[in-house]
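Since the structure comes first, as structure tokens, the remarks are kept for the end.
Readers should treat all values here as calculations from the given coordinates under stated rules, not as data from a laboratory. For clarity, every value in this text was computed on a predicted model and none was experimentally measured. FYI the Cβ positions are ideal-geometry reconstructions off the backbone, even for glycines, and counts take in every protein chain you see.
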Amino acid sequence: MSAASRKNASLRKEPGQTSADARREKASAARTAEAARTRRRQRIIITSAVVAVLALVGVIGFVVQSSRTGSTPVVVPANATGTDNGIVVGKPDAPVTVDLYEDFQCPICGELEKSVGSTVQNLIDNGKIKAVYHMMSFLGPESVRAANAASAAAQEGSFKQYHDVLYANQPPERTGGFQNSTLTQLGARVGLTSEAFTSAVGNGTYNGYVAKVEDNASKRAVTGTPTVFVNGQQLASSALTPDGFTAAVNSAAGSGTGPAPTPTG
Amino acid sequence: MLAQAGLTGPRLARVGPTVLRFGLAALWLAAGILKIGDPQGMVHSVRAFRILPESLVHPVAYAVPFVEIALGLLLLVGLAVRVGAVVSALLLAVYIAAIASAAARGLHIECGCFSAGGNLTADAPTHYAEEIIRDSLLLLASGLLVRWPASAFAIDRLLDRPFQENP
């Protein structure tokens, strides 16, 4: 309705014309109502479409990410025969099993290795414990590179020596340390000079295995490092001292339970 | 004079919602983009909360960054702002509940809000209080946008225009 016609309507407003006015008003109200209905319909369509698109995007995300993560092949290195594919160091029939969850880039793991590392090594050498190393990799790509290189060292039978040399040369967290070149140089210090080792470091041969170890740890509710289990019992962080660790091992050995049953994820 | 006042009023009223809308859009885009590159990390992050059953951990971890980015784009272009704000508020409410529950159960984890979290080195501090306060403020912003979704530079305004101009 134009402004002109509205003016006309008001000019012609006489007693006899009220019904025509009312009709006009009614028609206008109907138009407004119709417009409101159309708008509501449009809103419902847009709302449902937007919700549907968000749901669809979620499904697409699931498909895309599933295809991305499933692609790394899992190559399990030699000696990864412990619980949850951990790398075993020590006599297989040792009375006590110690599971260690560490990240090569985790500074507190570095401190643990400095304080308790030699105690662990002694207990391994004396045949008292079998250590199972779960090398986690959540502190950036350098974590993954280091864990891959350590797996390559396990394949060559030098996991523990390499593990120790990495901790002795731990770069600060999140500084992009542990480049592949550094990792092969550190390998040479413990006699890891084979072509197999060097190429496994360079190619990320064990990246799939490293991701699997991380996944297994997450399923076992290990959400931080260092985490240590002695015969399946988690040690409190206050017990992560040479004395505390030795006491836990002795008490586990004394209780005569032998190696704990395999914990289920 | 009158016409000018009529224009200035709504325009001024749109400044707040516009700021909130772009702010939330930037937040969701950042949150999604930072997480999308590390699906495995997201899985560990979601699992670390120990809330969802294992069968749902992967679907949720994989879908969330995509939904966050889609939500960010919706808010950015201003399409169905009210719907976007409602979804935004719902997501934030779920995040707050998850963080609060992790804190209550004494879990020692990283929320993974802007990256893949889940793991923390043993002595690293958690930031539950800060995370809950931040998410609550964002929830408040989403709530305001649900109530007043009309904002500038939005596709919604183009869609509404034909009806406003017809008497």
Point to revise | Ranked A:Lys91, B:Lys35, A:Lys26, criterion: other C-beta atoms within 10 Å, fewest first | key: A:Lys26, A:Lys91, B:Lys35
**Study point:** Inter-site label distance for A:Ser48 and B:His127 at 7 Å from Cα along Cβ, in nm
**Key:** 4.3 nm
Exercise for review: Go ahead and estimate [θ] at 222 nm for the protein assembly as shown from helices alone: -39,500 (n - 2.57) per DSSP H run with n ≥ 4, summed, over the residue count, rounded to 500.
Suggested key: -21500 deg cm²/dmol
Check your understanding: In the protein assembly as shown, what is the count of Lys pairs whose alpha carbons are under 24 Å apart, counting only pairs at least 8 residues apart or on separate chains?
Key -> 16
Check your understanding: Any idea what angle helix A:18-69 forms with the longest principal axis of chain A, computed on alpha-carbon atoms, 0 to 90 degrees, nearest 10?
Key -> 10 degrees
Practice item. Could you list which residues have their amide H under 5 Å from that of B:Ala152, counting only those 5 or more apart in sequence or on another chain, with H placed in the peptide plane? Key: B:Thr18
Check your understanding: Short version: ³J(HN,Hα) in whole Hz for each residue of region B:75-86, in order, from phi by Karplus 6.51 cos²θ - 1.76 cosθ + 1.60 (θ = phi - 60°), x for Gly and Pro, what are they?
Key -> 5, 4, 7, x, 9, 6, 4, 5, 4, x, 5, 5
Review point. Based on the Cβ-Cβ distance from B:Ala13 to B:Ser101, what FRET efficiency comes out when R0 is 41 Å, to the nearest 0.05?
Key: 0.60
Revision key, fill the gap. With N residues in the protein assembly as shown, Rg(alpha-carbon) / (2.2 N^0.38 Å) equals 1.42
Review point. Taking the Cα atoms of region B:14-160, what is the range of coordinates along each of the three principal axes, in descending order and whole Å?
Key: 52, 26, 22
Review point. Quick one: putting +1 on the C-beta of Lys and Arg, -1 on the C-beta of Asp and Glu, what dipole do you get for region A:88-144 around its Cα centre, in Debye to the nearest 20?
Key: 240 debye
Review point. With θ set to phi - 60° and the Karplus curve 6.51 cos²θ - 1.76 cosθ + 1.60, what are the ³J(HN,Hα) couplings of region A:110-117 in order, to the nearest whole Hz, using x for Gly and Pro?
Key: x, 5, 4, 4, 5, 7, 10, x
Check your understanding: Given +1 on the Cβ of Lys and Arg, -1 on the Cβ of Asp and Glu, and no further charges, what dipole in debye does the protein assembly as shown carry about its Cα centre, rounded to the nearest 20?
Key -> 3180 debye
Study note, to complete from the structure: If each K or R counts +1 and each D or E counts -1, the residues other than A:Asp93 whose Cβ falls under 14 Å of its Cβ total +3
Study note, to complete from the structure: Counting sequence-distant residues (5 or more places) and residues on other chains, those with an amide H built under 5 Å from that of B:Leu107 are none
Point to revise | Förster radius 35 Å - calculated FRET efficiency between A:Gln234 and A:Ala78 (Cβ-Cβ, nearest 0.05) | key: 0.80
Point to revise | Amide H contacts of A:Thr225 (H built 1.01 Å from N, under 5 Å, at least 5 apart or other chain) | key: B:Leu120, B:Thr121, B:Ala122
